[in-house]
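Visitor: One structure, pasted below without further comment.
The values are calculated or read from the model by the stated rules, or taken from the named source; none is laboratory data. Everything quoted here is computed from the prediction, not taken from an experiment. As a convention, Cβ positions derive from the backbone with ideal geometry for all residues, glycine included, and neighbour counts pool all protein chains shown.
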Ligand code: ARG
């Protein structure tokens, strides 16, 4: 029998319940963490004299051999199998599987592994280890993306393009500046994951079912062996806390929101109307009927998958909201959303890196677009202010000029000096220089602005962030 709790039962489990209730179909993904935690638990049991050193040794050896066999593909963590006597066996979760296979391999000693431990603190530990590793993995993918973005920034400090508000051309910026905004978003995301990792890094092992145990467990030892800051403080909290999963999911949801915004922009920029970018063939698809099409499917897919990760977050928040202390079976529902969200988010980050590394920016089209649409109107008003006109009056004058230019189908800079003077005597020859695209961008050098000097500072800080991280 592969159930860990059969003693008190005379009847079997409903087939339907088994199908829906068994978690091995997905929690087998925790096999590595489960073995790691069990090895350390066994080591501690031996050191504390709770089981013999000899049994502890056998358990550790057995678990190590299971690990090797799973790694090499000789053993599969599967719901069904056969025991030594050829009897069919079924395992409800990864924990039952491990204990059964271990006992098959080493005999009696295997049955002593679970001394002073419950599946409640066991699964709490496995999930913490898994989410901790995932924080680092997703963090690594984000750093790669930041590297690709920084590369685009460094190459495009004088690639002029329109900056938008309300998706209407507003003021000219540079491509470096635009991507600098995304650098900041993804940098904060990476930092959030680091925070999440720091906060979750305490060991629940030794909390037992909910109330600790009467055995003299050394929780500080197991915590330190597993790379935790220390043991968690309250055993009831430890077996029922899934805050860190929710925090992790919310960090991933934020990453997806940022990826989705960037995707949306790339989709717009890739449209026939904008033509700011061209995506590499590797990241586009064609149409089965319209031969002319080259669709930005990857960006659309990332935008679409965002809903899935939001779903995972809401799903777990909802699962947890009505659960009384301590462990309840509901908590088994933490795994699938976390697994799905990490696969989705990590995959999307890496896809975005690949797409951005190969995208072609059409600098000429961007620059031409920046010169149309009156992106220099603010600078024209500022020009009059410098000449002594109050800003509110200057705003009105330029507004009338824009109206005039729209009717004539020209840009402000295309007006003759006489035309300028008809609107205000303060205009002089130097107006052309003052409202040129280059001046509009390059004069903006307040911290965080697109001007070359400000941008160089920003790039320096971005580079320092990535360098500090590669050392950490
Ligand atoms: N498969 C269970 C889970 O993932 C393991 C914990 C079982 N504990 C229990 N008291 N039934 O939550």
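Visitor: Looking at the stretch 134-141, can you tell me whether even one residue there is farther than 24 Å from residue 225 by Cβ, touching a residue at least 12 places away in the same chain (Cβ under 8 Å), in contact with a helix residue (DSSP H, G or I) (Cβ under 7 Å, 6 or more places away or on another chain) and away from the ligand (no atom under 16 Å from the Cβ)?
Guide: Scanning the stretch 134-141, I find at least one residue that is farther than 24 Å from residue 225 by Cβ, touching a residue at least 12 places away in the same chain (Cβ under 8 Å), in contact with a helix residue (DSSP H, G or I) (Cβ under 7 Å, 6 or more places away or on another chain) and away from the ligand (no atom under 16 Å from the Cβ), so the answer is yes.
Conditions (1) buried (at least 21 other Cβ atoms within 10 Å of the Cβ); (2) outside any loop (DSSP other than H, G, I, E, B), marked per residue:
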position: 264; (1), (2): no, yes
position: 269; (1), (2): yes, yes
position: 298; (1), (2): yes, yes
position: 308; (1), (2): no, yes
position: 322; (1), (2): no, no
position: 325; (1), (2): no, no
position: 332; (1), (2): no, yes
position: 336; (1), (2): no, yes
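Visitor: Would you please name the residue that is farthest from residue 137 (Cα to Cα), looking only at residues in the stretch 333-357 that are free of Cβ contacts under 8 Å to residues at least 40 places away in the same chain and within 16 Å of the ligand (Cβ to nearest atom)?
Guide: 333
Visitor: Now for a different question. Restricting the search to the stretch 106-117, which residues are within 13 Å of the ligand (Cβ to nearest atom) and either crowded, with 18+ Cβ neighbours inside 10 Å or within 20 Å of residue 337 (Cβ to Cβ) (or both)?
Guide: Scanning the stretch 106-117 gives a single hit, 117.
Visitor: Only residues that are within 14 Å of residue 425 (Cα to Cα) and loosely packed, with under 15 Cβ neighbours inside 10 Å: list them for the stretch 391-401, please.
Guide: 393
Visitor: Quick one: in the stretch 85-102, which of the residues that are at pLDDT 95 or above and away from the ligand (no atom under 14 Å from the Cβ) is surrounded by the fewest Cβ atoms within 10 Å (Cβ to Cβ)?
Guide: That would be 100.
Visitor: Taking into account only those residues within the stretch 276-294 that are at pLDDT 90 or above and touching a strand residue (DSSP E or B) at 6+ places or on another chain (Cβ under 6 Å), which is nearest to residue 368 (Cα to Cα)?
Guide: Applying the filter and picking the extreme gives 277.
To keep it simple, each residue is scored yes or no on (1) closer than 29 Å to residue 369 by Cβ; (2) free of Cβ contacts under 8 Å to residues at least 12 places away in the same chain; (3) within 16 Å of the ligand (Cβ to nearest atom); (4) crowded, with 21+ Cβ neighbours inside 10 Å.
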position: 104; (1), (2), (3), (4): no, no, no, no
position: 119; (1), (2), (3), (4): no, no, yes, no
position: 127; (1), (2), (3), (4): no, no, yes, yes
position: 131; (1), (2), (3), (4): no, no, yes, yes
position: 191; (1), (2), (3), (4): no, yes, no, no
position: 205; (1), (2), (3), (4): no, no, yes, yes
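Visitor: Give 214, 157, 165 a once-over and let me know the one that is within 30 Å of residue 369 (Cβ to Cβ), out of contact with any helix residue (DSSP H, G or I) (no Cβ under 6 Å at 6 or more places or on another chain) and either surrounded by fewer than 20 Cβ atoms within 10 Å (Cβ to Cβ) or at pLDDT 95 or above (or both).
Guide: None of the other options fit; the residue is 165.
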